[in-house]
Amino acid sequence: MKFILAKKEGMTRVFAKDGRAHAGTILAADPVVVTQVKTKDGKDKYAAVQIGFGIRKTKNISKAVLGHTKGKGYAAIREFRLPASAETTADEVGNEISADIFSVGDVVRVSGLTKGKGFAGGVKRYGFHGGPRSHGQKHSEREPGSIGGSGGRAGGRVAKGMRMAGRIGADRVTVENLKVLAVDAKEGKIIVSGAVPGHRGTLLEVVSVPAHKHGK
């Protein structure tokens, strides 16, 4: 099982040997450090590897986290659960994992937070059509319409789960079955096919997918 943390840099295209152009996303994957290894036989009762990414001022990190990482100022820490049959080289605290762990052709899944868009109305959030601008209606283009009513399904109250205006974006999303198109170990860059969640600079989790899960 391969995994790493990377930052989204932007999109590009990669030309294959047959001349076809494939859209891809550039990920900046600086080396990460193993901060903890959990085993089924240990006190945690499950197998996992924790890794630390980036550098952060220690004054901005809680004492609990500093104690856990032996005083290291990591910008982010993530844990990856390992299946029972998974094999990984990250078996010792202090080991480094870099971009060259991946190879061209590997299939991965990428997880991260989507762009946060704040408070939005029903037209932007759910694609409502809005009201008509016909005779007698003046400012109804982006109104949500009726949400209840005495003769409605809920008996005059607003039903739970009614689609209305509210916060949109900043949700955790996982994109499956992306292929690694290119790897630059020297620069610490990985290019994966297609688009991934978030804006430029979003921290992403890149995990390899077992061969039997994508039909190989």
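The values are calculated or read from the model by the stated rules, or taken from the named source; none is laboratory data. Computed from a predicted model, the values in this text were never measured in an experiment. Don't worry about glycine lacking a Cβ; one is built from the backbone with ideal geometry, like all the others, and counts go over all protein chains shown.
Below, the figures for the structure above:
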read-out: Residue within region 36-55 that is under 30 Å from His22 (Cβ atoms) and not hydrophobic (A, V, I, L, M, F, W, C) present; value: yes
read-out: Failed item, numbered, when Asn177 is tested on (1) outside the structural domain of Val107 (by TED's automatic domain parsing); (2) on the phi > 0 side of the Ramachandran plot; (3) under 25 Å from the mean Cα position of the chain (by Cα); value: (1)
read-out: Residue that is surrounded by the fewest Cβ atoms within 10 Å (Cβ to Cβ), among those in region 74-84 that are closer than 19 Å to Val207 by Cβ and among the hydrophobic types (A, V, I, L, M, F, W, C); value: Ala84
read-out: Every pair of residues 6+ apart whose Cβ atoms lie under 6 Å, when the first sits in region 26-43 and is assigned by TED's automatic domain parsing to the domain that holds Glu96 while the second is surrounded by 13 or more Cβ atoms within 10 Å (Cβ to Cβ) and of a type in the set (Ser, Thr, Tyr); value: Ile26/Thr12; Pro31/Ser98; Thr35/Thr69
read-out: Extreme residue, nearest to the chain's Cα centre (by Cα), among residues of region 36-68 that are under 22 Å from Val206 (Cα atoms) and of a type in the set (Ser, Thr, Tyr); value: Tyr46
read-out: Selection within region 22-52 - closer than 17 Å to Arg81 by Cα and not in a loop (DSSP other than H, G, I, E, B); value: Val32, Val33, Val34, Thr35, Gln36, Val37, Lys38, Ala48, Val49, Gln50, Ile51, Gly52
read-out: Selection status of Ser85, small (Gly, Ala, Ser) and modelled with pLDDT of 85 or more; value: no
read-out: Residue match in region 53-73 (condition: among the aliphatic types (A, V, I, L, M), assigned to a helix (DSSP H, G or I), surrounded by 14 or more Cβ atoms within 10 Å (Cβ to Cβ) and assigned by TED's automatic domain parsing to the domain that holds Val107); value: yes
read-out: Counted residues, region 177-197 - those being more than 14 Å from Gly24 (Cα to Cα) and modelled with pLDDT of 95 or more; value: 0
read-out: Identity of the residue in region 111-148, in a loop (DSSP other than H, G, I, E, B) and touching a residue at least 40 places away in the same chain (Cβ under 8 Å), that ends up farthest from Leu5 (Cα to Cα); value: Gly121
read-out: Output for region 60-76, where each listed residue is in contact with a helix residue (DSSP H, G or I) (Cβ under 9 Å, 6 or more places away or on another chain) and without any contact (Cβ under 8 Å) to a residue 40 or more places away in the chain; value: Leu66, Gly71, Lys72, Gly73
